[in-house]
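To keep things clear, I will list the structure first and then write my remarks on it.
Read-outs throughout are calculated quantities, based only on the coordinates presented, and are distinct from any laboratory measurement. Predicted, not measured: the structure shown is a model, and the values here were computed from it. Cβ atoms come from the backbone with ideal geometry, glycine included; neighbour counts cover every protein chain shown.
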Amino acid sequence: MKKLSLLFTFLFFASCNAPAENLEKKAGYLKSGDTKYDLFLGDNLAVEIWDQYLDAHNNQDLEAIKALESEDLKIWGPEGQVVEGKDAHSEFLDAWFKSNNPKWDTYFSIPIKVDSDDQPGTWITSGHTLTLTVDDTEITTNDMADVYIEDGLIKMFYIYSRKLPEPAETE
């Protein structure tokens, strides 16, 4: 029994002194010009921030939205729109909420970290269904968002959109 106890003590101390395994797994690459950067899975906290952001949009809470945005926010919309600054975004959303009543339903999000000193934050690639109600008519799109979050704030994002066909009428 003494030998068994000594063996467990030895294994315990040996495991405590073993070097930690690097859990970062390469998840692809980003090519910018002639430079290729490694990508790794990022922090899920960034996904939670994006989810809070879309919840605030669903609730049409402009103050909560602005609280999650960087002062130098930049957005590239699906139809070529560019919005710069959180105040300009708030003005855009105020009018859009009133005329379209948008609702987001996220179906995936993945955080990505770029191995670059120029981007200390985390990128999120997220897919969602967006439903607009315009003049009592629903319009639904499947959208992808590439979102950059730094220091807990949304700094920029790109939206790509595909309009879904209207459901077939049944007789």
* **Note, ³J(HN,Hα) from phi for the range 113-130, Karplus 6.51, -1.76, 1.60, rounded to Hz, x at Gly and Pro** => 10, 8, 7, 8, 5, 6, 10, x, x, 10, 8, 10, 10, 9, x, 8, 9, 10
* What distance in nm separates the simple spin-label points at N59 and N142, each placed 7 Å from Cα in the Cβ direction? -> 3.0
* To do: Using R₀ = 45 Å, calculate the FRET efficiency as 1/(1 + (r/R₀)^6) where r is the Cβ-Cβ separation of K98 and D34; round to 0.05.
  => 0.45
* For the range 15-145, report the translational diffusion coefficient in µm²/s to the nearest whole number, using Stokes-Einstein at 10 °C, 1.306 mPa s, and a Kirkwood Rh over Cα pairs. => 93
* To do: Please report how many Lys pairs in the range 56-171 have alpha carbons closer than 22 angstrom, counting only residues at least 8 apart along the chain or sitting on separate chains.
  => 16
* Between A27 and Y160, how many nm apart are label points set 7 Å from Cα along the C-beta direction? -> 1.7
